[in-house]
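Asks: One structure, pasted below without further comment.
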2 protein chains.
Amino acid sequence: MANEIKAELAAGKLAEYEQLSKIYDDIVKQARPHLTVEGQGKILLALADEDHLSQRQLATRLGMSPQSTSEFVYKLVKRDLVTLTKSQSDRRINLVNLTTAGRQAIESADQEVPPFVKLLSDDELDQLSFLLNKITVAMYADIDAANPTLGVKFHKLFASRYLKQFKK
Amino acid sequence: MANEIKAELAAGKLAEYEQLSKIYDDIVKQARPHLTVEGQGKILLALADEDHLSQRQLATRLGMSPQSTSEFVYKLVKRDLVTLTKSQSDRRINLVNLTTAGRQAIESADQEVPPFVKLLSDDELDQLSFLLNKITVAMYADIDAANPTLGVKFHKLFASRYLKQFKK
DNA sequence: CAATTTAATCAGGTGCCCTTATTATATATT
DNA sequence: AATATATAATAAGGGCACCTGATTAAATTG
(Lines give C-alpha, C1' and ligand atoms only; values in the text may rest on other atoms or scores of the structure.)
Protein backbone atom coordinates (compact mmCIF):
# COMPACT_ATOMS: atom_id res chain seq x y z
CA MET A 1 0.00 0.00 0.00
CA ALA A 2 2.61 2.47 1.08
CA ASN A 3 4.61 1.18 -1.82
CA GLU A 4 1.74 1.93 -4.15
CA ILE A 5 1.68 5.57 -3.09
CA LYS A 6 5.41 5.89 -3.47
CA ALA A 7 5.17 4.43 -6.95
CA GLU A 8 2.44 6.86 -7.90
CA LEU A 9 4.46 9.72 -6.59
CA ALA A 10 7.52 8.68 -8.54
CA ALA A 11 5.51 8.09 -11.70
CA GLY A 12 3.99 11.52 -11.33
CA LYS A 13 7.35 13.15 -10.90
CA LEU A 14 8.62 11.36 -13.94
CA ALA A 15 5.66 12.62 -15.95
CA GLU A 16 6.17 16.11 -14.63
CA TYR A 17 9.82 16.00 -15.56
CA GLU A 18 8.99 14.95 -19.09
CA GLN A 19 6.53 17.76 -19.55
CA LEU A 20 8.87 20.31 -18.14
CA SER A 21 11.75 19.19 -20.22
CA LYS A 22 9.77 19.88 -23.38
CA ILE A 23 9.24 23.43 -22.26
CA TYR A 24 12.81 23.67 -21.11
CA ASP A 25 14.01 22.56 -24.51
CA ASP A 26 11.91 25.13 -26.26
CA ILE A 27 13.36 27.89 -24.16
CA VAL A 28 16.91 26.71 -24.46
CA LYS A 29 16.42 26.23 -28.16
CA GLN A 30 15.60 29.88 -28.57
CA ALA A 31 18.82 30.83 -26.89
CA ARG A 32 20.98 28.37 -28.75
CA PRO A 33 19.81 26.13 -31.59
CA HIS A 34 20.22 22.50 -30.77
CA LEU A 35 19.58 19.19 -32.38
CA THR A 36 16.37 17.51 -31.52
CA VAL A 37 16.30 13.78 -31.32
CA GLU A 38 13.45 13.78 -33.80
CA GLY A 39 13.05 13.98 -37.52
CA GLN A 40 16.01 15.60 -39.18
CA GLY A 41 17.99 15.59 -35.95
CA LYS A 42 17.59 11.86 -35.63
CA ILE A 43 18.98 11.38 -39.11
CA LEU A 44 21.99 13.54 -38.38
CA LEU A 45 22.69 11.68 -35.18
CA ALA A 46 22.50 8.36 -36.95
CA LEU A 47 24.90 9.60 -39.59
CA ALA A 48 27.25 10.88 -36.94
CA ASP A 49 27.40 7.32 -35.68
CA GLU A 50 27.88 5.92 -39.16
CA ASP A 51 28.04 7.89 -42.35
CA HIS A 52 26.97 6.87 -45.86
CA LEU A 53 23.96 4.83 -44.88
CA SER A 54 21.14 4.06 -47.27
CA GLN A 55 17.77 5.52 -46.46
CA ARG A 56 16.51 2.06 -45.82
CA GLN A 57 19.23 1.48 -43.24
CA LEU A 58 18.47 4.78 -41.60
CA ALA A 59 14.80 3.96 -41.44
CA THR A 60 15.48 0.61 -39.85
CA ARG A 61 17.91 1.95 -37.30
CA LEU A 62 15.68 4.83 -36.35
CA GLY A 63 12.51 2.81 -36.23
CA MET A 64 10.65 5.00 -38.64
CA SER A 65 9.06 4.51 -42.04
CA PRO A 66 11.24 4.82 -45.12
CA GLN A 67 8.88 7.50 -46.37
CA SER A 68 9.45 9.68 -43.35
CA THR A 69 13.15 9.05 -43.58
CA SER A 70 13.10 10.17 -47.16
CA GLU A 71 11.27 13.32 -46.19
CA PHE A 72 13.79 14.28 -43.53
CA VAL A 73 16.72 13.45 -45.73
CA TYR A 74 15.26 15.65 -48.43
CA LYS A 75 14.93 18.50 -45.95
CA LEU A 76 18.52 18.03 -44.87
CA VAL A 77 19.63 18.09 -48.48
CA LYS A 78 17.88 21.41 -48.91
CA ARG A 79 19.74 22.67 -45.87
CA ASP A 80 23.02 21.42 -47.35
CA LEU A 81 23.68 19.24 -44.33
CA VAL A 82 23.73 15.99 -46.28
CA THR A 83 24.15 14.91 -49.87
CA LEU A 84 22.75 11.95 -51.74
CA THR A 85 24.88 9.69 -53.89
CA LYS A 86 23.76 6.68 -55.85
CA SER A 87 25.35 3.46 -54.73
CA GLN A 88 27.44 1.94 -57.48
CA SER A 89 26.83 -1.63 -56.50
CA ASP A 90 23.07 -1.21 -56.31
CA ARG A 91 21.68 1.69 -58.18
CA ARG A 92 18.39 1.62 -56.37
CA ILE A 93 20.20 2.80 -53.28
CA ASN A 94 20.66 6.44 -52.46
CA LEU A 95 23.44 6.83 -49.95
CA VAL A 96 23.12 9.66 -47.47
CA ASN A 97 26.34 11.48 -46.65
CA LEU A 98 27.11 14.19 -44.16
CA THR A 99 28.51 17.39 -45.60
CA THR A 100 31.08 19.41 -43.72
CA ALA A 101 28.27 21.71 -42.67
CA GLY A 102 26.28 18.72 -41.49
CA ARG A 103 29.13 17.48 -39.40
CA GLN A 104 29.57 20.92 -37.96
CA ALA A 105 25.89 21.16 -37.14
CA ILE A 106 26.24 18.05 -35.04
CA GLU A 107 29.39 19.14 -33.29
CA SER A 108 28.22 22.64 -32.57
CA ALA A 109 24.96 21.32 -31.21
CA ASP A 110 26.83 19.12 -28.82
CA GLN A 111 24.74 18.58 -25.82
CA GLU A 112 25.68 20.38 -22.68
CA VAL A 113 24.83 18.93 -19.35
CA PRO A 114 21.79 20.90 -18.24
CA PRO A 115 22.22 23.05 -15.14
CA PHE A 116 19.59 21.17 -13.23
CA VAL A 117 21.68 18.05 -13.47
CA LYS A 118 24.84 19.82 -12.45
CA LEU A 119 23.30 20.85 -9.20
CA LEU A 120 23.14 17.29 -7.94
CA SER A 121 25.85 15.92 -5.69
CA ASP A 122 28.14 13.10 -6.69
CA ASP A 123 26.12 10.60 -4.77
CA GLU A 124 22.89 11.86 -6.15
CA LEU A 125 24.20 11.63 -9.68
CA ASP A 126 25.18 8.04 -9.06
CA GLN A 127 21.78 7.25 -7.66
CA LEU A 128 20.01 8.92 -10.55
CA SER A 129 22.05 7.10 -13.16
CA PHE A 130 21.48 3.84 -11.38
CA LEU A 131 17.74 4.32 -11.12
CA LEU A 132 17.33 5.52 -14.66
CA ASN A 133 19.38 2.66 -15.90
CA LYS A 134 17.16 0.21 -14.12
CA ILE A 135 14.15 1.90 -15.67
CA THR A 136 15.49 2.11 -19.19
CA VAL A 137 16.61 -1.51 -19.16
CA ALA A 138 13.07 -2.50 -18.31
CA MET A 139 11.71 -0.20 -20.98
CA TYR A 140 13.93 -1.68 -23.65
CA ALA A 141 12.69 -5.11 -22.69
CA ASP A 142 9.03 -4.08 -22.77
CA ILE A 143 9.36 -2.24 -26.04
CA ASP A 144 11.21 -5.09 -27.59
CA ALA A 145 8.58 -7.55 -26.42
CA ALA A 146 5.84 -5.44 -27.95
CA ASN A 147 7.65 -4.80 -31.20
CA PRO A 148 10.86 -6.72 -31.85
CA THR A 149 11.43 -5.09 -35.21
CA LEU A 150 11.69 -1.60 -33.78
CA GLY A 151 15.22 -0.30 -34.11
CA VAL A 152 15.20 0.95 -30.61
CA LYS A 153 18.63 -0.06 -29.45
CA PHE A 154 19.76 2.90 -31.36
CA HIS A 155 18.50 5.29 -28.79
CA LYS A 156 21.37 4.53 -26.50
CA LEU A 157 23.34 6.57 -28.93
CA PHE A 158 21.46 9.67 -28.00
CA ALA A 159 22.44 9.15 -24.41
CA SER A 160 26.09 8.89 -25.30
CA ARG A 161 26.06 12.31 -26.86
CA TYR A 162 26.59 13.69 -23.42
CA LEU A 163 29.71 11.69 -22.86
CA LYS A 164 32.32 13.99 -24.29
CA GLN A 165 35.05 11.93 -22.69
CA PHE A 166 34.22 9.03 -24.91
CA LYS A 167 34.41 10.91 -28.14
CA LYS A 168 37.73 10.45 -29.83
CA MET B 1 36.34 15.97 -12.85
CA ALA B 2 34.85 12.73 -11.68
CA ASN B 3 31.80 14.74 -10.92
CA GLU B 4 31.71 15.98 -14.48
CA ILE B 5 31.62 12.46 -15.84
CA LYS B 6 28.93 11.45 -13.42
CA ALA B 7 26.88 14.44 -14.50
CA GLU B 8 27.30 13.56 -18.15
CA LEU B 9 26.29 10.03 -17.48
CA ALA B 10 23.18 11.10 -15.61
CA ALA B 11 22.28 13.66 -18.25
CA GLY B 12 22.64 10.99 -20.89
CA LYS B 13 20.45 8.57 -19.02
CA LEU B 14 17.84 11.24 -18.60
CA ALA B 15 17.91 11.92 -22.33
CA GLU B 16 17.70 8.24 -23.06
CA TYR B 17 14.74 7.87 -20.75
CA GLU B 18 12.91 10.69 -22.49
CA GLN B 19 13.44 9.17 -25.89
CA LEU B 20 12.38 5.77 -24.79
CA SER B 21 9.30 7.01 -23.06
CA LYS B 22 8.05 8.48 -26.31
CA ILE B 23 8.32 5.11 -27.94
CA TYR B 24 6.87 3.44 -24.90
CA ASP B 25 3.89 5.74 -25.03
CA ASP B 26 3.28 4.99 -28.66
CA ILE B 27 3.22 1.30 -27.99
CA VAL B 28 1.06 1.54 -24.93
CA LYS B 29 -1.27 3.88 -26.78
CA GLN B 30 -1.96 1.22 -29.35
CA ALA B 31 -2.99 -1.20 -26.65
CA ARG B 32 -5.11 1.26 -24.72
CA PRO B 33 -5.91 4.80 -25.79
CA HIS B 34 -4.67 7.29 -23.31
CA LEU B 35 -4.65 11.01 -22.86
CA THR B 36 -1.59 12.76 -24.05
CA VAL B 37 -0.45 15.81 -22.22
CA GLU B 38 -0.53 17.69 -25.48
CA GLY B 39 -3.10 19.45 -27.57
CA GLN B 40 -6.58 18.19 -26.90
CA GLY B 41 -5.42 16.16 -23.94
CA LYS B 42 -3.97 19.22 -22.28
CA ILE B 43 -7.29 20.99 -22.59
CA LEU B 44 -9.15 18.10 -21.05
CA LEU B 45 -6.71 17.92 -18.19
CA ALA B 46 -7.06 21.61 -17.51
CA LEU B 47 -10.84 21.29 -17.51
CA ALA B 48 -10.64 18.34 -15.16
CA ASP B 49 -8.88 20.66 -12.77
CA GLU B 50 -11.40 23.44 -13.30
CA ASP B 51 -14.38 23.32 -15.60
CA HIS B 52 -16.06 26.16 -17.50
CA LEU B 53 -12.94 28.10 -18.33
CA SER B 54 -12.76 30.58 -21.15
CA GLN B 55 -10.47 29.78 -24.02
CA ARG B 56 -8.32 32.68 -23.02
CA GLN B 57 -7.93 31.25 -19.53
CA LEU B 58 -7.10 27.86 -20.95
CA ALA B 59 -4.50 29.36 -23.24
CA THR B 60 -2.87 31.23 -20.38
CA ARG B 61 -2.82 28.27 -18.03
CA LEU B 62 -1.50 25.94 -20.67
CA GLY B 63 1.05 28.34 -22.01
CA MET B 64 -0.13 28.13 -25.57
CA SER B 65 -1.54 30.56 -28.09
CA PRO B 66 -5.27 31.31 -28.04
CA GLN B 67 -5.42 30.21 -31.64
CA SER B 68 -4.10 26.77 -30.84
CA THR B 69 -6.39 26.55 -27.88
CA SER B 70 -9.32 27.37 -30.10
CA GLU B 71 -8.27 24.67 -32.54
CA PHE B 72 -8.09 21.97 -29.89
CA VAL B 73 -11.35 23.05 -28.30
CA TYR B 74 -13.00 22.84 -31.68
CA LYS B 75 -11.71 19.33 -32.17
CA LEU B 76 -12.98 18.34 -28.76
CA VAL B 77 -16.39 19.79 -29.59
CA LYS B 78 -16.48 17.64 -32.69
CA ARG B 79 -15.71 14.64 -30.52
CA ASP B 80 -18.48 15.64 -28.12
CA LEU B 81 -16.09 15.82 -25.21
CA VAL B 82 -16.73 19.49 -24.50
CA THR B 83 -19.38 22.07 -25.29
CA LEU B 84 -19.14 25.81 -25.76
CA THR B 85 -21.48 28.24 -24.05
CA LYS B 86 -21.45 32.00 -24.32
CA SER B 87 -20.75 33.74 -21.06
CA GLN B 88 -23.69 35.85 -19.98
CA SER B 89 -21.64 38.50 -18.26
CA ASP B 90 -19.30 38.98 -21.19
CA ARG B 91 -20.61 37.84 -24.48
CA ARG B 92 -17.23 37.78 -26.13
CA ILE B 93 -16.34 34.84 -23.97
CA ASN B 94 -16.97 31.27 -25.01
CA LEU B 95 -16.89 29.04 -21.96
CA VAL B 96 -15.59 25.53 -22.46
CA ASN B 97 -17.44 22.83 -20.55
CA LEU B 98 -16.76 19.15 -20.14
CA THR B 99 -19.53 16.85 -21.27
CA THR B 100 -20.24 13.60 -19.48
CA ALA B 101 -18.33 11.85 -22.22
CA GLY B 102 -15.45 14.25 -21.74
CA ARG B 103 -15.33 13.58 -18.05
CA GLN B 104 -15.43 9.87 -18.75
CA ALA B 105 -12.63 10.16 -21.24
CA ILE B 106 -10.45 11.65 -18.53
CA GLU B 107 -11.38 9.10 -15.90
CA SER B 108 -11.05 6.12 -18.14
CA ALA B 109 -7.68 7.34 -19.34
CA ASP B 110 -6.51 7.57 -15.78
CA GLN B 111 -2.85 7.05 -15.75
CA GLU B 112 -1.55 3.77 -14.51
CA VAL B 113 1.80 3.56 -12.91
CA PRO B 114 4.02 2.12 -15.60
CA PRO B 115 5.50 -1.30 -14.92
CA PHE B 116 9.04 -0.01 -15.05
CA VAL B 117 8.32 2.18 -12.08
CA LYS B 118 6.64 -0.58 -10.16
CA LEU B 119 9.76 -2.65 -10.29
CA LEU B 120 11.66 -0.28 -8.07
CA SER B 121 11.93 -0.90 -4.36
CA ASP B 122 10.45 1.38 -1.76
CA ASP B 123 13.76 3.02 -1.11
CA GLU B 124 14.48 3.45 -4.76
CA LEU B 125 11.11 5.07 -5.31
CA ASP B 126 11.84 7.51 -2.52
CA GLN B 127 15.21 8.31 -3.99
CA LEU B 128 13.79 8.79 -7.46
CA SER B 129 11.04 11.10 -6.27
CA PHE B 130 13.51 13.08 -4.25
CA LEU B 131 15.93 13.48 -7.11
CA LEU B 132 13.29 14.32 -9.67
CA ASN B 133 11.78 16.81 -7.31
CA LYS B 134 15.10 18.52 -6.91
CA ILE B 135 15.43 18.62 -10.68
CA THR B 136 11.94 19.86 -11.43
CA VAL B 137 12.17 22.57 -8.81
CA ALA B 138 15.27 23.85 -10.53
CA MET B 139 13.59 23.58 -13.91
CA TYR B 140 10.60 25.59 -12.79
CA ALA B 141 12.94 28.27 -11.57
CA ASP B 142 14.91 28.36 -14.81
CA ILE B 143 11.84 28.36 -16.98
CA ASP B 144 10.23 31.04 -14.94
CA ALA B 145 13.36 33.15 -15.10
CA ALA B 146 13.44 32.81 -18.87
CA ASN B 147 9.76 33.46 -19.38
CA PRO B 148 7.73 34.56 -16.35
CA THR B 149 4.48 34.71 -18.30
CA LEU B 150 4.52 31.04 -19.17
CA GLY B 151 1.72 29.24 -17.41
CA VAL B 152 4.01 26.49 -16.36
CA LYS B 153 2.93 25.93 -12.79
CA PHE B 154 0.09 24.11 -14.35
CA HIS B 155 2.19 21.15 -15.22
CA LYS B 156 2.25 19.98 -11.65
CA LEU B 157 -1.27 18.97 -12.35
CA PHE B 158 -0.14 16.37 -14.79
CA ALA B 159 1.97 14.83 -12.11
CA SER B 160 -0.92 14.63 -9.72
CA ARG B 161 -2.91 12.54 -12.14
CA TYR B 162 -1.10 9.53 -10.84
CA LEU B 163 -2.11 10.12 -7.28
CA LYS B 164 -5.39 8.29 -7.18
CA GLN B 165 -5.43 8.52 -3.43
CA PHE B 166 -5.75 12.24 -3.63
CA LYS B 167 -8.69 12.27 -5.95
CA LYS B 168 -11.95 12.71 -4.07
C1' DC C 1 -19.60 58.61 -28.92
C1' DA C 2 -15.21 57.52 -30.77
C1' DA C 3 -11.02 55.00 -29.72
C1' DT C 4 -8.92 51.27 -27.80
C1' DT C 5 -8.56 46.78 -25.69
C1' DT C 6 -9.94 42.04 -25.49
C1' DA C 7 -11.94 37.12 -26.82
C1' DA C 8 -12.32 34.39 -30.35
C1' DT C 9 -11.86 32.90 -35.11
C1' DC C 10 -10.03 32.53 -39.95
C1' DA C 11 -6.32 31.63 -42.97
C1' DG C 12 -2.13 29.83 -43.84
C1' DG C 13 2.27 27.64 -42.40
C1' DT C 14 5.92 24.47 -40.13
C1' DG C 15 7.60 20.09 -38.35
C1' DC C 16 7.08 15.34 -37.29
C1' DC C 17 5.09 11.21 -38.52
C1' DC C 18 1.97 7.68 -41.18
C1' DT C 19 -0.37 4.93 -45.03
C1' DT C 20 -1.19 3.90 -49.87
C1' DA C 21 0.27 3.95 -54.38
C1' DT C 22 4.12 4.18 -58.07
C1' DT C 23 8.59 3.85 -60.29
C1' DA C 24 13.13 1.98 -60.83
C1' DT C 25 16.34 -1.47 -60.27
C1' DA C 26 17.71 -6.31 -58.64
C1' DT C 27 17.28 -10.95 -58.10
C1' DA C 28 14.98 -15.48 -58.76
C1' DT C 29 12.33 -18.55 -61.59
C1' DT C 30 11.02 -20.69 -65.65
C1' DA D 1 16.82 -14.49 -72.10
C1' DA D 2 12.07 -13.35 -70.38
C1' DT D 3 9.07 -13.01 -66.74
C1' DA D 4 7.89 -12.64 -61.99
C1' DT D 5 8.86 -11.02 -57.66
C1' DA D 6 11.28 -8.45 -54.15
C1' DT D 7 13.37 -4.18 -52.77
C1' DA D 8 14.85 1.09 -52.49
C1' DA D 9 13.08 5.21 -52.99
C1' DT D 10 9.59 8.69 -54.06
C1' DA D 11 5.04 10.87 -54.74
C1' DA D 12 0.66 12.07 -52.81
C1' DG D 13 -2.19 12.93 -49.23
C1' DG D 14 -3.43 13.03 -44.18
C1' DG D 15 -3.23 13.68 -39.08
C1' DC D 16 -1.64 16.06 -34.99
C1' DA D 17 0.51 19.83 -32.35
C1' DC D 18 1.86 24.29 -32.61
C1' DC D 19 2.63 29.21 -34.47
C1' DT D 20 1.94 34.05 -36.62
C1' DG D 21 -0.87 37.58 -38.85
C1' DA D 22 -5.34 39.31 -39.95
C1' DT D 23 -10.19 40.11 -38.85
C1' DT D 24 -14.65 40.42 -36.23
C1' DA D 25 -17.48 41.34 -32.39
C1' DA D 26 -18.18 42.76 -27.98
C1' DA D 27 -16.33 45.51 -23.89
C1' DT D 28 -14.18 49.21 -21.73
C1' DT D 29 -12.10 53.92 -21.55
C1' DG D 30 -11.58 58.64 -22.30
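Asks: Filter the range B:45-73 down to residues that are of a type in the set (Ser, Thr, Tyr) and outside any helix (DSSP H, G or I) and give me whichever is nearest to DNA strand C (Cβ to nearest atom). Spell out how you get there, then give the answer.
Replies: Narrowing the range B:45-73 to residues of a type in the set (Ser, Thr, Tyr): B:54, B:60, B:65, B:68-70.
Still in the list and also outside any helix (DSSP H, G or I): B:54, B:65.
Working: B:Ser54: 3, B:Ser65: 8 Å.
If we take residues in the range B:45-73 being of a type in the set (Ser, Thr, Tyr) and outside any helix (DSSP H, G or I), then B:Ser54 is nearest to DNA strand C (Cβ to nearest atom).
Asks: Only one of these is at pLDDT 85 or above and under 30 Å from B:Thr36 (Cα atoms): A:Leu35, A:Leu98, A:Leu53, A:Leu44. Name it. Walk me through how you get there before you give the answer.
Replies: Values: A:Leu35 fails: at pLDDT 85 or above; A:Leu98 fails: under 30 Å from B:Thr36 (Cα atoms); A:Leu53 fails: under 30 Å from B:Thr36 (Cα atoms).
Exactly one residue qualifies, and that residue is A:Leu44.
Asks: Related question: For the range A:95-124, give me each residue that is in a helix (DSSP H, G or I), within 14 Å of chain B (Cβ to nearest Cβ) and charged (D, E, K, R).
Replies: So the first thing to find is which residues in the range A:95-124 are in a helix (DSSP H, G or I), and the list is A:100-108, A:115-118, A:122-124.
So of that shortlist, the ones also within 14 Å of chain B (Cβ to nearest Cβ) come out as A:115-118, A:122-124.
Across the range A:95-124, the qualifying residues are A:Lys118, A:Asp122, A:Asp123, A:Glu124.
Asks: Being basic (Lys, Arg) and more than 30 Å from B:Ala145 (Cβ to Cβ), is that true of even one residue in the range A:50-64?
Replies: Of the residues in the range A:50-64, the ones basic (Lys, Arg) are A:56, A:61.
Adding the requirement that they be more than 30 Å from B:Ala145 (Cβ to Cβ) leaves A:56, A:61.
Yes, the conditions are met somewhere in the range A:50-64.
Asks: Also: Starting from residues that are closer than 14 Å to B:His52 by Cα and within 9 Å of DNA strand C (Cβ to nearest atom), keep the ones in the range B:74-85 and report whichever is farthest from the chain's Cα centre (by Cα).
Replies: For the range B:74-85, the residue satisfying everything is B:Leu84.
Asks: Same structure, new question: Being surrounded by 18 or more Cβ atoms within 10 Å (Cβ to Cβ) and within 11 Å of DNA strand D (Cβ to nearest atom) is the filter here; which residues of the range A:77-89 pass it?
Replies: None - no residue of the range A:77-89 is surrounded by 18 or more Cβ atoms within 10 Å (Cβ to Cβ) and within 11 Å of DNA strand D (Cβ to nearest atom), so the list stays empty.
Asks: Can you tell me which of (1) surrounded by fewer than 18 Cβ atoms within 10 Å (Cβ to Cβ); (2) within 10 Å of DNA strand D (Cβ to nearest atom); (3) under 20 Å from B:Ala15 (Cβ atoms) is the one A:Ser108 doesn't meet?
Replies: (2)
Asks: Tally up the residues in the range B:142-161 that are modelled with pLDDT of 80 or more and under 18 Å from the mean Cα position of the chain (by Cα), please.
Replies: Residues that pass the stated criteria total 2.
Asks: Next question. Among B:Ser121, B:Ser89, which is the only one that is out of contact with any helix residue (DSSP H, G or I) (no Cβ under 9 Å at 6 or more places or on another chain) and free of Cβ contacts under 8 Å to residues at least 12 places away in the same chain? Before you say what the answer is, go through the steps one by one.
Replies: Values: B:Ser121 fails: out of contact with any helix residue (DSSP H, G or I) (no Cβ under 9 Å at 6 or more places or on another chain).
After applying the criteria, what remains is B:Ser89.
Asks: Sticking with this one: Taking the residues in the range B:11-49 that are in contact (Cβ under 8 Å) with a residue 60 or more places away in the chain and within 20 Å of B:Leu132 (Cβ to Cβ) as candidates, determine which candidate is farthest from the other protein chains (Cβ to nearest Cβ).
Replies: Of everything passing the filter in the range B:11-49, B:Leu45 is farthest from the other protein chains (Cβ to nearest Cβ).
Asks: So, in the range B:45-59, how many residues would count as being crowded, with 22+ Cβ neighbours inside 10 Å and basic (Lys, Arg)?
Replies: Total satisfying the criteria: 0.
Asks: How many residues are buried (at least 16 other Cβ atoms within 10 Å of the Cβ) and part of a helix (DSSP H, G or I) if we restrict to the range A:28-44?
Replies: Matching residues across the range A:28-44 total 7.
Asks: Quick test of your reading of the structure: B:Ser108 fulfils all but one of (1) under 20 Å from the mean Cα position of the chain (by Cα); (2) at pLDDT 95 or above. Name the failing condition by number.
Replies: Answer for B:Ser108: the failing condition is (2).
Asks: Further question: Looking at B:Tyr140 and the list (1) surrounded by 14 or more Cβ atoms within 10 Å (Cβ to Cβ); (2) without any contact (Cβ under 8 Å) to a residue 60 or more places away in the chain; (3) outside the structural domain of B:Tyr162 (by TED's automatic domain parsing), which single condition is not satisfied?
Replies: Unmet for B:Tyr140, out of (1) surrounded by 14 or more Cβ atoms within 10 Å (Cβ to Cβ); (2) without any contact (Cβ under 8 Å) to a residue 60 or more places away in the chain; (3) outside the structural domain of B:Tyr162 (by TED's automatic domain parsing): (3).
The values are calculated or read from the model by the stated rules, or taken from the named source; none is laboratory data. Because the structure is a prediction, the values reported are computed rather than measured. Cβ sites come from the backbone with ideal geometry, for glycine too, and all protein chains shown count toward neighbours.
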